[in-house]
1. In this structure, is residue 31 at pLDDT 80 or above, among the hydrophobic types (A, V, I, L, M, F, W, C), surrounded by 15 or more Cβ atoms within 10 Å (Cβ to Cβ) and not in a helix (DSSP H, G or I)?
2. Six or more apart or on different chains, Cβ under 6 Å: which pairs go from a residue in segment 47-64 that's surrounded by 11 or more Cβ atoms within 10 Å (Cβ to Cβ) to one that's modelled with pLDDT under 80 and assigned to a helix (DSSP H, G or I)? Could you list them?
Amino acid sequence: MIVDIMHGLAYRWQAAQVLCAPEAPHAAQGVADTRAPLLHGQGSTIVRRVWRAATLKGVRTTQRASGDPCPTDLAQHVSYLNYPPLLCFG
């Protein structure tokens, strides 16, 4: 099973909505910056960044509920986020 990159980006967008003010331009940039690490098989890096950002911003557990599926789902499926070998085959 290969986790769809769009699925990963959608989860990352949910996390951005929790971590950033609505319509914040850096939220969209943060999600866009997720594409390259996802394509290079660095899903665990994204998980660490999201959890660290929530901790540093002091986001309460109740506030994190809608954004937590991003790191949780990616962490559970990180072994399926190994796109580099697949990209070699086109």
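The values are calculated or read from the model by the stated rules, or taken from the named source; none is laboratory data. Remember, predicted model here, so these are calculated numbers, not experimental data. Cβ sites come from the backbone with ideal geometry, for glycine too, and all protein chains shown count toward neighbours.
1. Details: at pLDDT 80 or above: yes; among the hydrophobic types (A, V, I, L, M, F, W, C): yes; surrounded by 15 or more Cβ atoms within 10 Å (Cβ to Cβ): yes; not in a helix (DSSP H, G or I): no.
No; evaluated as a whole, the condition is false for this residue.
2. 47/71; 47/74; 47/75; 50/70; 50/71; 51/71; 54/64
Rundown of residues vs (1) assigned to a helix (DSSP H, G or I); (2) at pLDDT below 80; (3) more than 9 Å from the chain's Cα centre (by Cα), yes/no style:
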site: 1; (1), (2), (3): no, yes, yes
site: 14; (1), (2), (3): yes, no, no
site: 23; (1), (2), (3): no, yes, yes
site: 27; (1), (2), (3): yes, no, yes
site: 51; (1), (2), (3): yes, no, yes
site: 55; (1), (2), (3): yes, no, yes
site: 59; (1), (2), (3): no, no, yes
